[in-house]
Amino acid sequence: MRLFIAICVCRVLYFIGRLIGKGTSKPGDIARIVCPNVLNRLKFSGKVICITGTNGKTTTSNMVTHILRENGFSVINNSFGSNMLGGITTSLLTNCTFSGEVKADFSVLEIDERWLRFFVKEVTPDYVLLTNLLRDQIVRNCCPEIVLEKIKLGVTPGTTYILNANDPVSQQVSWGIDNPVVWFALGENERSTKECRSGTNDAKVCPKCMHNLSYNYYHYNHVGDFHCENCGFKCPKADFIGTDMNFDEASLNINGKPVKLTFDATYFMFNAVAATALCCTASGISEEKALAAAETFDIGVIKRYEEIEVLGRRCQLILTKQNPASIDQSVDFVADKESPRTLIIISNNMFHTERKDVLFMYDVAYENLKEVEHIVIVGKRRYDMAVRLKLADIDKERVQICDKEEDLRSCLEKTEGNIYVMTSSVFSNEDKVLEELKKL
Amino acid sequence: MRKIKILNLYGEALDLNGDGKNISAFEKRVAEMGYEYETDTLGVGDDIDVSGYDIVFMTHGKPHNVSAISEHFIKYKDNIINNIENGKVFVVTGSTNMLFGKSFSMLDGKTYEGIGLFDCTAEEFDSLYVSDAVLVPEFAPEEKMFGTYYRCESVKFNTPNENRLFKVIKTDEGKGSVGEGEGCHYKNLYATWCLGPVLVRNPLMMKEVLHCVLGEDYRETDFSLEEKAVKMIIDELL
Ligand SMILES: [Zn+2]
């Protein structure tokens, strides 16, 4: 009876929430008060898949859903909701029968890496895919190993883990457990580097013996082909591997079979290998069928890279996640653009907390902006950003500190080329700056 | 020409939240003053002797890494303590300070030995204490600095307020909070649980350390940008 009431309450609140444009966590949260452990009472007719990790979980979850649906499976997911327990509860309770049956071949759930251990107390997933563990916002996670410990607390017997062979941190989930593991990896390509180009590398030392870890190449951060000369720790042999990347064509081979994707970023190719590994393992479809479906998956890049016109120039908004790895990707994105370029960096206090320590600046490789012709800094922490850029040896002649949003025009008039605006939700006055920009 | 020898001790294992940038900033100032420098990074694969260096940095590290290197570190306890007693300049930031206390116990249930230079013990807890801080340094009691605490250790000093590096005049409350006095200044060792780019952002502390290393060879350099940035933060906090 409680389950029935919880489902009804959740659906009514969800319906009202949609009408008034509210978030999707609350209905689930309230259903959980009505019926604690509500997820435990659901009956899944299909398999439960959890997708977690620092970066790439949304894209990977959407791609997995797409591949499975294209192959004729029924899938429910939480793509419209939050990836914490409340949002997941809302997704499942609005997609089950009134008796609590989840009638789908697959429930594909993107889940926050800190919440997995709570979810598994109620539902044992059949598959868990861990994309990677990178340094996140410090207030969330401190360092990836702290998150790793939390994920390890949620290891359940019978679950198959799909793990990143190139990531020496996240793969530690497999240490000391008997669960089946399927490994995915990306091979060396023209974008891999011999030295780490990112601002952070969380595996400079071997997690087993603390001696220096050697890399044949890096993809980004500590993700790459590594080995320890002291104790022998190294990349496991991949069951699914992406090779022969051609970035101009967004194509690669996965286990030797060609696939042409809709987006050319390295991380997107990683997501495609991970999604293929998961779909083939969980559903038994052939690699060819998985890849054919992956080819038609559209990431919706436009949301991350929106374009407006400013002073008659092309102006692209680059929205980042709140972690150094994500900001590093945006730095590289601008660094790769053609000259001349103007970069506006919006630098503010931490989102929500208004904390003034913007430590993450020091975990980002702003050094890679050296060739960018013009940089304009705005926001409350603009001088801190200027100090960071000075340390990165950015020529001070290239940097303007804009003290007031209204002065943006005069700052921009001294610059040339396409404009890129780097902002993330850690910052707080991006709306005002964007408003000013749109006025110009 | 004078060459400054810098040691980044366990720099590969202790590398969290931009602390390593303190060393880059120090190197730049030394170069700007017209001196050469050479930086070595030593780790658990090396034998350690700090005597040949002008300054030793030990930066903030992940809790797991701090405990994992402790066994190696205490093998060199005598070398480290003797050099500190004889005036070697040390800068220690963040949780790495645990290695200088008597012992520290971690969430893995184990207790690790420190070199016992500080009369303190530490305990890791399963949450993070986060705070901006305004600090008055003991070496410049009329001035103010900005610090950042992110810690998952609570630290117990048996000798309260002796040799503290900072008087803490503003922080958030909560478990793991730092109390009124923080860090240690003993001979030429500067130790603080503040982490991140403490020296990069605080010209006051950078100058103090540079003076300490260079003595009469210290030359003025331009800190105006850094001074403006840190003043803005402190003004906002107070
Ligand atoms: Zn090793």
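Key figures for this structure:
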| read-out | value |
| --- | --- |
| Subset of the stretch A:401-425 [charged (D, E, K, R), under 22 Å from A:V387 (Cα atoms) and loosely packed, with under 15 Cβ neighbours inside 10 Å] | A:D403, A:K404, A:K414 |
| Residue in the stretch A:235-257 that is of a type outside the set (A, V, I, L, M, F, W, C) and within 16 Å of the ligand (Cβ to nearest atom) present | yes |
| Search result, residues across the stretch A:31-82 that are among the hydrophobic types (A, V, I, L, M, F, W, C) and either more than 25 Å from A:V259 (Cβ to Cβ) or not assigned by TED's automatic domain parsing to the domain that holds A:L163 (or both) | A:A31, A:I33, A:V34, A:C35, A:V38, A:L39, A:L42, A:F44, A:V48, A:I76, A:F80 |
| Leading residue by the ranking (farthest from A:V48 (Cα to Cα)) among those in the stretch A:168-197 that are crowded, with 21+ Cβ neighbours inside 10 Å and within 16 Å of the ligand (Cβ to nearest atom) | A:P168 |
| Exclusive hit being at pLDDT 95 or above and surrounded by fewer than 22 Cβ atoms within 10 Å (Cβ to Cβ), set A:K47, A:K26, A:K22 | A:K47 |
| Condition met for B:F73 (crowded, with 17+ Cβ neighbours inside 10 Å, within 14 Å of another protein chain (Cβ to nearest Cβ) and either under 23 Å from B:V198 (Cα atoms) or at pLDDT 95 or above (or both)) | yes |
| Residue satisfying all of: in the stretch A:412-440; modelled with pLDDT of 85 or more and assigned to a helix (DSSP H, G or I); nearest to the chain's Cα centre (by Cα) among these | A:L412 |
| Test: A:N216 is within 22 Å of B:G43 (Cβ to Cβ) and either within 14 Å of another protein chain (Cβ to nearest Cβ) or within 13 Å of the ligand (Cβ to nearest atom) (or both) | no |
| Residue in the stretch A:219-234 that is modelled with the lowest pLDDT, counting only those that are more than 13 Å from the ligand (Cβ to nearest atom) and away from chain B (no Cβ under 13 Å) | A:Y220 |
| A:L153 being under 21 Å from B:N17 (Cβ atoms), touching a residue at least 24 places away in the same chain (Cβ under 8 Å) and within 14 Å of chain B (Cβ to nearest Cβ) | no |
| Number of the exception - A:V205 against (1) within 16 Å of the ligand (Cβ to nearest atom); (2) within 13 Å of another protein chain (Cβ to nearest Cβ); (3) surrounded by fewer than 24 Cβ atoms within 10 Å (Cβ to Cβ) | (3) |
| Unique match (being touching a Ser or Thr at 6+ places or on another chain (Cβ under 6 Å) and farther than 19 Å from A:Y161 by Cα) among A:D332, A:D298 | A:D298 |
| Criterion violated by A:T200 - all others in (1) within 14 Å of chain B (Cβ to nearest Cβ); (2) within 16 Å of the ligand (Cβ to nearest atom); (3) outside any strand (DSSP E or B) satisfied | (2) |
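Condition check ((1) more than 9 Å from chain B (Cβ to nearest Cβ); (2) touching a Phe, Trp or Tyr at 6+ places or on another chain (Cβ under 7 Å); (3) in contact (Cβ under 8 Å) with a residue 24 or more places away in the chain; (4) assigned to a helix (DSSP H, G or I)) across all residues:
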| residue | (1), (2), (3), (4) |
| --- | --- |
| A:L319 | yes, no, yes, no |
| A:T353 | no, no, yes, no |
| A:I377 | yes, no, yes, no |
| A:E397 | yes, no, no, yes |
| A:Q400 | yes, no, yes, no |
| A:D407 | yes, no, no, yes |
| A:S410 | yes, no, no, yes |
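The values are calculated or read from the model by the stated rules, or taken from the named source; none is laboratory data. None of the values given here were measured: they were computed from a predicted structure. Here Cβ is always computed from backbone atoms with ideal geometry, including for glycine, and neighbour counts include all displayed protein chains.
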